[in-house]
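For reference, the structure discussed in these notes is given below.
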Amino acid sequence: MQDEIKSEANMQGKVKILIVDDSMTIRQAIEKNLKEFQVEVVGTAGDGKTALELFKNEDPDVVTLDITMPELDGITVLEEMMKIKRDVKVMVITALKDKATGLRAIQLGAKSYLVKPFTSEKLKTAFSRMMGLN
Amino acid sequence: MNETDLHFFIDSTVNYFEEITGEQAITGIPYLKGREPVVLDYSGIIGISGKRKGCIYITTTKEMLKNIAAIILDDNEATVETVKDLTGEIANTISGNVREAYGSSFMISVPVVIEGRAKDIRLPEEVQAFVIPITWKEFKSYLVVCLE
Amino acid sequence: MNQNNQKYENFSLDGEEKQHLLEKVTYNILKNALDGIFFLNKRMEIQDYYSQSLEKILGIVDLNEKNFINILENRIPSQIIESTREYLELMFRPDLDEEVINELNPLNETEFFYEDEWGIWTSSKYLSFIFKRIMEGQEIIQLSSTIQDVTERALLKKKIQQTEEHTQKQMEWLVNILHVEPEMLKEFFIGVEHELLNIEEILKNAKDTKSHRELIENIYRSLFIIKGNASLLDLRFFTDKTNQFMDKVLKLKTKFDLCGTDFVPIVVSLGDMREILREVQTIFKRISHFHNHFRVKRAYESELLIHSLKSLITNLSKQLGKGIRFDYKDFDVLSIPYMYRQMVRDILFLLVRNAILYGIEDSEQRKSSNKEPNALIKVASMINNGFLGLILKHDGRVDRIERIIQKLVTYSPEEPLPENSLEGIHVTQLLYTPNLQIEDEREIIESYSMDMELLKRKLKDQGGRLKITFTSEDSCEFKVLLPLRKNGK
C-alpha cells in the first residue's frame, strides 16, 4: 500500500509543501513523516506572519497549518491564504479539538483537519486522503 | 473547578501519552497545590481565558522529554531546544484537547516554557490549583490546573 | 389616544396617495425599527412584511412564509417549543381572553441559540417575544410579534441572583458563627486548618498504591475531627459540608482497585472546604472587631464551656445509646485562671469523652448490674494549697477497661514521658475516632493510651499531676492538679 502511494506521488511529480507550526518538534515530525510522499518542503514557519510571507514567495501546493500561533493565528492565516491561492490544499493540524474550530476551518477552505496528538499513521493517512492517493 | 473539569484534563493528558507513545501514563492521587513549588526541569504553561480563566502547566524531567522526542522524531539525541519546544507542545496539546469539552469559548494562549527548578510558577492566588502526578514509564511529571 | 385610534379606524385606502404614504410609512418602520417585528398567520407562517432587523436578530434570512415553530427548532429548549405551539394556537382562539393567554407566553424571555450551517451552536442571546392579536371584526386574522434583545437584562438578573444566593449563604454562615465565642471560633479555625493541611499532606505523599486503605482511614479521621468540632460549636453548615465530604470518602472505602483518578472527588471536596473556610474566616475577621468592642463578660465565656461539655455529652450519648446525667454544680468556672482556660477545656473534653466511650456502660449492661439506667458524670473544681484541682467522676465501670487503666501509670511531673509520645496534637483531635464502638481490646488500649499520653504531655508542660482512682462505690474518678504558679514554681 505504501509503495503504491509512493509511486503515485512520483508519477505526479514533487509536491511543494509549506509546514506551519509554532512547535519546532512538530514541524520536524511532519517533515519526517511526509518525506515518504516525495514532497519538497519549500519552507517551515513558526508563526502566522512568516507563514504568509513564505506562502507568497514560495507558492506551495500544500500547507500544513497549526491554529494556535503567535503573531497571527491559523484561522486568519488560512483566510489570507485562500484569498491568495484558492486551490491550495491546506491541512489544519491543531490541538484544538472542538468541532466548531474544525468546521470553521473547513468552511474557510481547509481540505483536511487533523487533531493533535497524532501518530505517524494518522498523519500519513490524512495526507493520503487529502491528496487523493487512496 | 469541579470533578468533571479535573477529569477532562486528566483524560486529555492520559490520551496524549497513549497516542504519541503507545504506552499508558498513570495518574497518581491529585492534591491541592500549597506554597511549595511544583517545578521539575522544564515546564510548559498555557494561559486560559474566555468563559473560564486560569492557567495550566505541565512540568517534567529532561529524561522524559528526551524519551518522547526520540519516539516522535526517531532522534535519541534531542537538543535542549527540542526538549524545551516539546514541553510547550505537550502543554498546548493537553489544553487544546480539553476544548472538545468546553467549546470555543475556552481560549488558550501560546505556550510559555520555563527552564529549571529554581523558579516557582506563580499562579492566581484566589484560584485553587490542583496537582496531578503523572507517571509514564519510570518518569514522573506533574500537571497543574488552576482554573476558575 | 382615543382620537388617534379613531383616526386609524376611519382611515380610507381609496386614495392612491394615501396608499403610497401608508406603504412608505410601513416600509420605513420595518426598515428602521431596532426590534424584530413580524406577523404570523393561523398556520404560524411569517408574513411577507417584517422588520429588517428581524433577520439579524434571528440570524436567518428570507423568512417569508417560513414556519415560526420550525425556525425555533434547535434554537430554543425543546420543551419550550411545544409550549409555544400550544400558546400560539390559543392566541388564535377568539373565545379566550388575550391578556390571560399572554400570561402564559413561554417566549417572554428565552435563551435563543445561533447555529452555523452544520447546526453547531456558536453563541446565544436572551430574546423576548411579545405577541398581540390583530383583529378584523371579531376574527383574529394574525398575530403581531415584537422581538427584543434582552440579553443584558437577563445576564444582569442572573448575576444579581447569584450574588443574592452568595450573600444569603454568607448570612447563614454569619448567623451560625455569631453565637460562638470568638476564641472558640479561632480555635476551631485552627483545628480545621490543621486537619485540612493533614489531608493535603496525606494526598501529596500518597505514593504507594498499596496503602490506599490507610490513606482513606486517615482522611476520614481528620474529617471526623472537623465534624466533631463543628458539631460542638453547632456550626451546622460546616457539619453538613463535612458530611458530604465524608460520604465521598466512604464511597472509596467500599471500592476495590483504587487508582489516582478515584481521588478526584476527594481533592475537589478538599478544595471546596478550603474555600468555605477562607470565606468564613473573612466574615469572622469583619465581625471580630465588633465582638472585641462589645466583648461579653467572662461569665458568659465561661458558661460556654459548660454548654460545650453538655453538647459533647448529649451528642456522644445519643450516638452510643447511653443515658447520661451531667452534674456540674460543684464546678466553679469563674475560679479557673485565664491561663488554664484552654487547658481545662481540653482536659475535661478528653476525660468526658473517655468516660462515655470506654467507661460508661450502655443501658442493658447497667440494668444487668442493677445500676440506674442513666449514668452520672460529675465534674468539680477546687482551689487548694496553690493548686487548681479538677475532678471528673463517673459511675461507669467496665471490667476490661479497668484492667487497661490499671496498666497506665499515675503520672507525676518528674516522670519522663514514654518514647514516641505524640507531638503537638490537640486534645480535640483525639476526641473523635472513626469507630465509636471499638470491640478489639488492642484498639481500646491504643486509643486510651493515646489519650492518656496526650494528657500527660499537657500536664508535664504545666507541672501538673493526674490521679485515677476506682472507688468502692463502683465508679471511676480522675483528679487533675494544676499549679496556680506556672510550672509549679
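The values are calculated or read from the model by the stated rules, or taken from the named source; none is laboratory data. The shown structure was predicted, so the numbers you read here are calculated from the model rather than taken from an experiment. Quick reminder, even Gly has a Cβ in these numbers, built from the backbone with ideal geometry, and neighbours come from all protein chains shown.
What's the number of the condition A:Glu79 fails, among (1) away from chain B (no Cβ under 14 Å); (2) buried (at least 16 other Cβ atoms within 10 Å of the Cβ); (3) not in a loop (DSSP other than H, G, I, E, B)?
Answer for A:Glu79: the failing condition is (2).
Would you confirm whether any residue within the range C:240-257 is surrounded by 18 or more Cβ atoms within 10 Å (Cβ to Cβ), under 16 Å from B:Ile29 (Cβ atoms) and more than 14 Å from chain B (Cβ to nearest Cβ)?
Among the residues of the range C:240-257, not one is surrounded by 18 or more Cβ atoms within 10 Å (Cβ to Cβ), under 16 Å from B:Ile29 (Cβ atoms) and more than 14 Å from chain B (Cβ to nearest Cβ), which makes the answer no.
Against the condition away from chain B (no Cβ under 14 Å), under 26 Å from the mean Cα position of the chain (by Cα) and free of Cβ contacts under 8 Å to residues at least 40 places away in the same chain, how does C:Lys204 come out, does it pass?
Details: away from chain B (no Cβ under 14 Å): no; under 26 Å from the mean Cα position of the chain (by Cα): yes; free of Cβ contacts under 8 Å to residues at least 40 places away in the same chain: yes.
Criteria not met by C:Lys204.
Please go through the range B:80-133 and give me each residue that is in contact with a strand residue (DSSP E or B) (Cβ under 7 Å, 6 or more places away or on another chain), closer than 27 Å to A:Ala29 by Cα and either without any contact (Cβ under 8 Å) to a residue 40 or more places away in the chain or not aliphatic (A, V, I, L, M) (or both), ordered by number.
Within the range B:80-133, B:Lys84, B:Thr87, B:Gly88, B:Asn92, B:Ser95, B:Gly96, B:Arg99, B:Ser109, B:Pro111, B:Glu115 qualify.
Output the residues belonging to the range B:4-33 that are in a helix (DSSP H, G or I) and among the aromatic types (Phe, Trp, Tyr).
Selection gives B:Phe8, B:Phe9, B:Tyr16, B:Phe17.
On the basis of being modelled with pLDDT of 85 or more, more than 23 Å from A:Ile26 (Cα to Cα) and charged (D, E, K, R), does B:Glu138 make the cut?
yes
Specify the residue that is farthest from the other protein chains (Cβ to nearest Cβ); the eligible residues are those in the range B:68-107 that are surrounded by 24 or more Cβ atoms within 10 Å (Cβ to Cβ), of a type in the set (Ser, Thr, Tyr) and within 22 Å of B:Lys53 (Cβ to Cβ).
B:Ser95
Counting only residues that are among the hydroxyl-bearing types (Ser, Thr, Tyr) and farther than 30 Å from B:Glu100 by Cβ, give me the strands (runs of 3 or more DSSP E) lying completely in the range C:66-156 with at least 3 of them.
Per the criteria, C:139-149.
Inspect the range B:110-128 for any residue being more than 11 Å from chain A (Cβ to nearest Cβ), part of a strand (DSSP E or B) and small (Gly, Ala, Ser) and give the result as yes or no.
No, there is no match, as no residue in the range B:110-128 is more than 11 Å from chain A (Cβ to nearest Cβ), part of a strand (DSSP E or B) and small (Gly, Ala, Ser).
Here are the criteria: (1) polar (S, T, N, Q); (2) more than 24 Å from the chain's Cα centre (by Cα); (3) exposed (fewer than 13 other Cβ atoms within 10 Å of the Cβ); (4) at pLDDT 85 or above. Tell me which single one C:Ser317 does not satisfy.
(3)
Given the options A:Ala126, A:Ala105, name the one that is more than 10 Å from every other protein chain (Cβ to nearest Cβ), surrounded by 17 or more Cβ atoms within 10 Å (Cβ to Cβ) and over 17 Å from A:Asp61 (Cα atoms).
A:Ala105
Do we have A:Ala95 as over 10 Å from the mean Cα position of the chain (by Cα) and either away from every other protein chain (no Cβ under 12 Å) or surrounded by 17 or more Cβ atoms within 10 Å (Cβ to Cβ) (or both) here?
yes
Just to be sure I understand, how many residues within the range C:157-181 are outside any helix (DSSP H, G or I) and touching a helix residue (DSSP H, G or I) at 6+ places or on another chain (Cβ under 6 Å)?
1
Can you name the residue in the range A:57-73 that is away from chain B (no Cβ under 14 Å) and in a loop (DSSP other than H, G, I, E, B) and is also surrounded by the fewest Cβ atoms within 10 Å (Cβ to Cβ) among such residues?
It comes out as A:Asp59.
Of all residues in the range B:31-67 being within 14 Å of chain C (Cβ to nearest Cβ) and within 23 Å of B:Ser109 (Cβ to Cβ), which is modelled with the lowest pLDDT? Give the derivation first.
To start, the set of residues in the range B:31-67 that are within 14 Å of chain C (Cβ to nearest Cβ) comprises B:31-38, B:50-51, B:54.
Narrowing further to those that are within 23 Å of B:Ser109 (Cβ to Cβ): B:33, B:37-38, B:50-51, B:54.
On the way: B:Lys33: 91, B:Pro37: 87, B:Val38: 91, B:Gly50: 78, B:Lys51: 74, B:Gly54: 90.
Per the stated criteria, the residue is B:Lys51.
Exactly one condition in (1) part of a strand (DSSP E or B); (2) within 14 Å of another protein chain (Cβ to nearest Cβ); (3) within 30 Å of C:Ser123 (Cα to Cα) is not met by A:Lys49; state its number.
With respect to (1) part of a strand (DSSP E or B); (2) within 14 Å of another protein chain (Cβ to nearest Cβ); (3) within 30 Å of C:Ser123 (Cα to Cα), A:Lys49 is out only on (1).
With respect to the numbered conditions (1) modelled with pLDDT of 85 or more; (2) of a type outside the set (Phe, Trp, Tyr); (3) touching a helix residue (DSSP H, G or I) at 6+ places or on another chain (Cβ under 9 Å), which one is the sole condition not fulfilled by C:Met184?
(1)
Write out, first by first residue and then by second, each pair whose Cβ atoms fall under 6 Å of each other, whose residues are 6+ apart or on separate chains, and whose first residue, in the range A:91-115, is outside any strand (DSSP E or B) while the second is of a type in the set (Lys, Arg) and surrounded by 17 or more Cβ atoms within 10 Å (Cβ to Cβ).
Final answer for the pair search is A:Ala95/A:Lys116; A:Leu96/B:Arg99; A:Lys97/B:Arg99; A:Asp98/B:Arg99; A:Lys111/A:Lys89.
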